[in-house]
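A short worksheet on the structure shown next.
Where a number appears in this text, it was derived from the coordinates with a stated rule and is not lab data. Because the structure is predicted, anything quoted here is derived from the model rather than measured. Positions of Cβ are backbone-derived with ideal geometry, glycine not excepted, and every protein chain shown enters the neighbour counts.
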Amino acid sequence: MTSAEAPIDVHSAAAEAAAEIAHARKDILRIATAGSVDDGKSTLIGRLLYDSKAVFEDQYAAIERASRGDYVDLALLTDGLRAEREQGITIDVAYRYFSTPRRTFILADTPGHVQYTRNMVTGASTADLAIVLVDARKGMVEQSRRHAFLASLLRVPHLVVAVNKMDLVDWSEDVFEGIRDEFTAFATKLEVPDLTVVPISALQGDNVVTRSTNMPWYEGTSLLHHLEHVHVASDRNLVDTRFPVQYVVRPQSDAFHDYRGYAGRVGAGVLRPGDEVQVLPSGLTTTITAIDGPNGPVEAAFPPMSVTVRLADDLDVSRGDMICRPHNAPQVTQDLDALVCWMADAPLTPRMRLAVKHTTRTVRAMVKELQYRLDVNTLHRETDATGLGLNDIGRVRLRTTQPLFVDDYHRNRVTGRFILIDEATNATVGAGMLTPAG
């Protein structure tokens, strides 16, 4: 294969891999939910769990006993912490799992309070889709804009605005259309590739799992139907091959005395036996001889598969190295320009020293410059900021002690993100998204 032919073959392999993702197994959809306090996120998640038959009878009986009032409080299915129940709010990021015949769902219920911005960043960083709840009585509020902006900042490919509590505005089409139009206008300022707006009543179940008879004017599908059918296979980057090496496999067995493999999770692109690849940071090239999955050899590896790759040549490859294509490599750099969400009580300041964990590679770094702090409510850039406080987001320049193999976050969410670690406590203090320099 010549280098001139490589792009064609790569895109062909990407198309085949997309088909394999769609048909080889039941899809997994990762969802992040967000909304202001009392918008009904936990009730909506409880409704999805209950109506999709993901709640055991004893669980339902327990929340029925714990409910106050004339109805079963489905929010108790998700608000598990005592502090959450006492205050009637969501504090932690709660992950829930449920499944329908068509798809499996991993759902992150993230807090609505402004002081828990870092929790939403955590929940949405790996999401395929974000649900932002809006109270039909209040319309768009500051938190609605904040959550929509964070979803776009984190490059969540699909955004659903669920206009909740439609039963409290008499199922008004005018109220719904006003909120829909306002949100759509705001979304045009953001990079939201796919926006869907659904009117619902989480408490009564209207338009959550089944279509509502109370809103005949709404011609769209129910929320769950949309979640089951939204197309996510093409959201993955299947062109830029990225394989961060996590572990070198050398079995201590006579039967496998010649075996040497490199284990990790495919970050992007498609790997096949026979492909020519390059190993970073050495820059040496070789060929893939075989790819082993959990159940034996596989003919192709694509995101998010975990596999072991075997190479034709005995190269010096270790944890933190990157396997890619010779003519399509990530940027090798020690200078990082990134939007950082700060997650610690002590502020981020210039000259601060931290550890950077990027894919499987961890290096030391220093904060060279804080360019601006971002007001996520107004999108205003505060260039006179001297530091980033807890939950602040700002553009930061870092200098690392060793090179990293990076892509811009908008191109690849796996190689475009990193976390910042306090070396003294080993605590995660920040999350970063790499942006073009300038």
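Taking the average, over residues, of other Cβ atoms within 10 Å as the packing measure, peptides 176-186, 381-391, 130-140 rank 130-140, 176-186, 381-391 from highest down. In whole angstrom, note down how far apart the Cα centers of the stretch 186-261 and the stretch 352-411 are. After rounding, the separation between the Cα centres reads 27 Å. Distance between the modelled labels on S234 and R351, one decimal in nanometres: 5.2 nm (7 Å Cα→Cβ projection). If both residues of a DSSP beta bridge must be in the stretch 146-262, then about 35% of such bridges are antiparallel.
Only the Cβ atoms of Lys and Arg (+1) and of Asp and Glu (-1) were treated as charged; on that basis the dipole of the stretch 154-281 about its Cα centre amounts to roughly 760 debye. Each Cα pair under 8 Å and six or more residues apart adds its sequence gap; the mean of these over the residue count of the stretch 226-331 is a relative contact order of 32 percent. Hydrodynamic analysis of the stretch 284-426 uses the Kirkwood radius over alpha carbon pairs. Inserted into Stokes-Einstein at 20 °C and 1.002 mPa s, it gives a translational diffusion coefficient of 123 µm²/s. Taking Cα centre as origin and charging only the Cβ of basic (Lys, Arg, +1) and acidic (Asp, Glu, -1) residues, the dipole magnitude of the stretch 153-226 rounds to 320 debye. In terms of its C-alpha gyration tensor, the stretch 359-416 comes out oblate, because a/c is 1.5 or above while a/b does not outweigh b/c.
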